[in-house]
Amino acid sequence: MENILTTEKLCKDYGKNRILKDISLEIPKGSIFGLIGRNGAGKTTFMRTITGLQQPSSGTYTLSGVKNTDPKISRVRRRMGALVESPGVFRNLTAYDNVKLQYINLGLPSYDSIPDLLKLVCLDDTGKKPAGKFSLGMKQRLGIAIAMAGDPDILVLDEPINGLDPQGIIEIREMLLNINRSKGTTILISSHILDELGKIATDYAFIDNGKILQSISADELSRRTRKAARVTVSDTPAMCRVLDNLSFEYEVGSDDSIDVFTDINVTKLVMAAAKEDVEIIKIIENDESLESYFINLIGDGETIR
Ligand code: ATP
């Protein structure tokens, strides 16, 4: 798949501290790419760097085929919308006027698309209400509308659901899915609320202490975190025949273990195996959540909530 953004050994130092360490990532066009990491992992620094708010200390990135060292980068970056840190919303202006101001900043020739944009973020009924009187969720959605001005190819959102109540989180989630599906906009989104990203992301990168621990598609991740029973047996080929006869879905893990993906009836399985002279040595259930997957990955057992 074509990538809209790639980074090659991207590093960022603050003084003597290396905050981003050799970050090499590929963000597929049209994806909802979740950047997952706990506080201080480097998510904001990464987003500030690829949005041009700060320069990399070393390494490069390529946006829509243009390297960051190429003078054409500022032109391509106009096709990138970003909401990094708090939304730059003017409190005394209405939703419409806040978005209009961004249209003016970007030099967009017509304001005709503003009502549709406000509809997309469900702020089309806020009339003359100034943004200062908006709820946190409404302000976030307005920030996203501002980032969407000019219909960017990629939207970069740093923790857009931070601090929102469950209803606010659902609204942002639905909205992002709608933007991604209706416009094909690639969305790079960071969060430490893992299970929320789990509902929308098509791809993930796990970041810790400035390093990418793993970059993985949602399909692959759901395969790895899929509910399975790991069955250790005395004779793997014979056990495969047993499972075939039972029409159970499975995958051979190693010489003596098989992951069975069906909700198994243990008695039925043991009896069927015994008929084939297969000894079942142990059965362990694996039902990993996105959060426990990440905690296992960082390997220190700390929670990231
Ligand atoms: P959070 O979820 O808390 O926002 P984060 O993953 O976005 O965390 P960053 O904000 O990128 O992490 O911070 C990464 C590290 O860089 C932290 O140790 C932070 O203290 C440090 N840092 C961030 N900005 C600066 C700065 N301007 N000068 C010096 N150090 C900084």
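For the chain, set up a GNM with springs between Cα atoms under 10 Å and report which of SER64, SER110, SER247 has the largest fluctuation.
It is SER247.
Projected area of region 1-104, taken from the Cα convex hull and averaged over every viewing direction, in nm²?
Details: hull surface 33.3 nm².
Taking the Cα atoms of region 1-104, their convex hull projects to 8.3 nm² on average.
Can you list residues from other chains, or at least 5 along the same chain, whose modelled amide H is less than 5 Å from the amide H of VAL66?
none
Tell me the mean residue ellipticity at 222 nm calculated for the chain from its helices only (DSSP H runs of n ≥ 4, each -39500 (n - 2.57), averaged over every residue, nearest 500).
Details: 11 runs with 104 residues, N = 305.
Helices in the chain give a 222 nm mean residue ellipticity of -10000 deg cm²/dmol.
Return the distance in nm (one decimal) between the two label points of a simple spin-label model at ILE193 and GLN55, each offset 7 Å from Cα along Cα→Cβ.
3.7 nm
Taking θ as phi - 60°, what are the ³J(HN,Hα) couplings along region 114-124 by the Karplus curve (6.51, -1.76, 1.60), each to the nearest whole Hz, with x for Gly and Pro?
4, x, 5, 5, 5, 5, 4, 9, 6, 10, 7
Report, by chain and number, residues whose modeled amide H sits under 5 Å from the one on ILE19, excluding near sequence neighbours (fewer than 5 apart, same chain).
LYS12, ASP13, TYR14
Please list 3J(HN,Hα) in residue order for region 66-74, calculated via the Karplus relation 6.51 cos²θ - 1.76 cosθ + 1.60 where θ = phi - 60°; whole Hz, with x for glycine and proline.
Using θ = phi - 60°, the values come out as 10, 6, 5, 8, 7, x, 6, 4, 5 Hz.
Can you list, bin by bin at 5 Å, the percent of alpha carbon pairs in region 3-217, starting at 0?
Reading upward from the zero bin: 1, 7, 16, 20, 20, 16, 11, 7, 2, 0.
For region 94-111, in order, what is each residue's ³J(HN,Hα) by Karplus, 6.51 cos²θ - 1.76 cosθ + 1.60 with θ = phi - 60°, in whole Hz (x at glycine and Pro)?
Each residue's phi maps through the Karplus curve to give 6, 4, 4, 5, 4, 5, 4, 4, 5, 4, 5, 4, 7, x, 6, x, 9, 9 Hz.
Counting DSSP beta bridges with both partners in region 3-217, what percentage is antiparallel, nearest 5? It would help to have the intermediate numbers written out before the result.
Numbers: 21 of 39 bridges.
Antiparallel bridges: around 55 percent, rounded to the nearest 5.
Which of ILE19, ALA205, ALA131 sits closest to the plus end of the dipole of region 3-217, meaning its Cα is farthest towards the positive end, when Lys and Arg get +1 and Asp and Glu get -1 on the C-beta?
The residue sitting most towards the positive pole is ILE19.
Taking all pairs of different Cα atoms in region 186-305, averaging 1/r and flipping that mean, what Kirkwood radius in angstroms comes out? Let's see the in-between values first.
On the way: mean 1/r = 0.0614 Å⁻¹.
That comes to 16.3 Å for region 186-305.
What whole number of Å gives the distance from the Cα centroid of region 71-88 to the Cα centroid of region 230-250?
53 Å
Find, among the chymotrypsin sites (Phe, Trp or Tyr not before Pro) in region 59-132, those assigned to loop by DSSP (not H, G, I, E, B) with at most 16 other beta-carbon atoms within 10 angstrom. Could the numbers behind the result be given before it?
Values: sites: TYR61, PHE90, TYR96, TYR103, TYR111; in loops: PHE90, TYR111.
Listed in order of number, the matching sites are PHE90, TYR111.
Taken together, the values in this text are just the output of simple stated rules run on the coordinates, not laboratory data. Computed from a predicted model, the values in this text were never measured in an experiment. All Cβ positions, even for glycine, are placed from backbone atoms using ideal geometry, and neighbour counts span all protein chains on display.
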